[in-house]
Each structure stands twice: as structure tokens, then as C-alpha cells.
Amino acid sequence: MADLGLSRAIGRVRDRIDTGPRFTDADAIRLNRMFRGADTSAVLEAVLKDRIAGEVAVVSSFGAESVVLLHLIAQVAPDTPVLFLDTGKHFPETLAYRDEVVARLGLTNLQILTPDSADLAARDETGLRWSYDPDGCCEIRKVRPLEKALSRFDASITGRKAFQSSTRANLPRFEVDTSDALGRLKINPLIDWQAADLAAYVAKHDLPAHPLVADGYPSIGCMPCTRRVQAGEDYRAGRWADSEKDECGIHLTDGGGI
Ligand code: SF4
């Protein structure tokens, strides 16, 4: 796939991975230029087959919109590590859907991340921290387990889309994870996909839908922090509906929210 210029650029990025920090803003800018106008599959081929970003994992919530990215990845490299945060608070339907999607798409490297038992004992012994300190609950059930798991990888793939929120409207395809001192790369291959594109892709490939979508949940996270959305509400209105919170603090998911 690579012409001479692209090969040289990939080589420069690989050199940086070998010598660290993994990526700089200049690398991200270069990658965005390299793949300007390229389709999503070309980006995934370069990342997952040509390994231009080193060791890569996808972080999936197995939520309402997860299946498109997972299907695209499965077409290129079904052994890609798929990280799933099992917070202990998911809807049972999400866990069943996760297993259905993994089997259906032939994904072979699902990695289930769980909270540290000492963290739970010290900070959420009753399991009710979500009700009075959701940021703290997300910290021990999502942020810390994911940080620990991602320390093994050079880059992570997210499913974030620009249309999902104003905070995602101007995201590039490649960016450096500002929360990571070693300069891990975040890759947003679906950033320019619209809702209609996702729906068309699901229909074309006859992909399974999360069962709660038809039950009034267009965005699905943990059970205590997700409610049904009413007609006319924003599709993420059911997430942490009684608080100002609208992100879980990791910003790395496949867009369905975890
Ligand atoms: S979404 Fe709710 S239950 Fe899940 S980790 Fe965050 S606060 Fe806890």
C-alpha cells in the first residue's frame, strides 16, 4: 500500500516507537497528513497489518454503536486485542451481546478488564459509590483498570465520531493521548462517519444490534447510570442523567460509551 514517501514516513514513526517517547504531536500531524482522504479500511490496514503505530488495542464498550468498528477490525485482523472494561455494573444484556458479537465476528483476543479488588474494598465496599461520587466510581472501575492495561500498548483505537458531541466535533484521526506521559497514540478511524453511515453499514453486513437499543437506550453504559431516552432528547441524555457528568473520564471508548 505504501509508496516511497509513505514508507519513509512510517519508518520515522517506527523509529520513534523504538526510541520513545512513543509519539509526539508532530507524529500525529504527519499521520493525519498521510491518511488525509484515505478510507477507514486503509487506515486500519496500515495500523493493524503494517503496524505503523506499534502494538495496538481497541477499547470497546460493546454498546449501541460498537459493532461497526469491531466488524471493520475483524475484516483486517481478528486477533486484535479487544479491551472490555467489566465494571461489575453492566446490564446483563451488554455482557450477552459482547459474547454474541465476539463469536459472530470471529474476534479471537477479547481481554476483560476488572477493577482492582483492593480499590473496591477501600473505596466502594458497598458497591454504591456511583450514587454519591460517580467520578470516583468511574475512576476505580474504568480509568485505573484501563490505564494499567493500556500501558502494554503503543496506541489505542477508539470509535469516537464527530457527530456524537461538541467535544468530539473537531477530533483528528490521529492524536497523542495527553493523559499518557509516554505519548501513546489515539486513533479515531470513524471520526468522519455519520449516523446514517453507521446504519447503512450495519444493514449491509446484517450486524446484530444491542438488544437495549430497541428498548429506548440509544447510548448504553453501566446500569445504574443509564436510563431510557425520551422522544426529542439528545441520544446521550440517558447517561448520568441526574448529574453534570457526560464522559466517563477515559475518552477512549468505541463511542458507545462504557
Ligand atoms: S458509569 Fe456509573 S456505575 Fe459505571 S463506573 Fe461510572 S459511576 Fe460507576
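The values are calculated or read from the model by the stated rules, or taken from the named source; none is laboratory data. From a predicted model like this one, the values you see are computed outputs, not experimental measurements. Reconstructed Cβ throughout: ideal geometry from the backbone, glycine too, with neighbour counts over all protein chains shown. For accessibility, only protein heavy atoms count, side chains too; no ligands or nucleic acids. Shrake-Rupley method; radii C 1.70, N 1.55, O 1.52, S 1.80 Å.
For a quick check: with amide H placed at 1.01 Å from N, whose amide H comes under 5 Å from Leu185's, ignoring anything fewer than 5 positions away on the same chain?
Placed amide hydrogens put Ala155, Ser156, Asp177 under 5 Å from Leu185.
Read phi for every residue in the range 30-43 and hand back ³J(HN,Hα) as whole Hz from Karplus 6.51 cos²θ - 1.76 cosθ + 1.60, θ = phi - 60°, with x for Gly and Pro.
Taking θ as phi minus 60°, the curve returns 4, 5, 4, 5, 4, 10, 4, x, 6, 7, 4, 5, 5, 4 Hz for the range 30-43.
Quick check: net charge around Pro145, other residues with Cβ under 14 Å of its Cβ, Lys/Arg +1 and Asp/Glu -1?
+1
Go through the range 69-78 residue by residue and turn each phi into a ³J(HN,Hα) via Karplus (6.51, -1.76, 1.60, θ = phi - 60°); whole Hz please, and just put x for glycine and proline.
Result, ordered by residue: 4, 5, 5, 4, 5, 4, 5, 9, 8, x Hz.
Towards the positive end of the charge dipole of the range 77-186, with charges on Cβ (+1 Lys, Arg; -1 Asp, Glu), say which of Phe91, Leu146, Thr108 has the farthest Cα.
Thr108
So what are the ³J(HN,Hα) numbers for the range 99-115, from phi and the Karplus equation (6.51, -1.76, 1.60; θ = phi - 60°), rounded to whole Hz, Gly and Pro as x?
Once rounded to whole Hz, the list reads 5, 5, 5, 4, 5, 5, 8, x, 6, 10, 9, 6, 10, 9, 9, 10, x.
Taking the Cα-to-Cβ direction at Lys148 and at Asn32 and moving 7 Å from each Cα, how far apart do the two end points lie in nm?
Each label point lies 7 Å from its Cα, and together they span 3.4 nm.
In a shell of Cβ-Cβ distance under 15 Å around Gly88, excluding Gly88 itself, what net charge do Lys and Arg (+1) and Asp and Glu (-1) give?
Computed value for this residue: +1.
Counting only residues 5 or more places away or on other chains, whose amide H sits under 5 Å from the amide H of Leu110 once H atoms are built in the peptide plane?
The answer is Val82.
At a temperature of 25 °C and a viscosity of 0.890 mPa s, determine how fast the range 125-228 diffuses translationally according to Stokes-Einstein, using the Kirkwood radius over alpha-carbon pairs as Rh; express D in µm²/s, rounded to the nearest whole number.
150
Would you grab the residues whose amide H sits under 5 Å from the one on Trp193? Only those 5+ places off in sequence or on another chain, please, with H modelled 1.01 Å from N.
Ala162
Any chance you could check the Cα centroid distance between the range 148-213 and the range 40-67 for me, in angstrom?
That distance is 9 Å.
Considering only protein heavy atoms, with the full assembly of protein chains and a 1.4 angstrom probe, order Thr40, Thr24, Thr126 by accessible area, largest first.
Result of the area sort, largest leading: Thr126, Thr24, Thr40.
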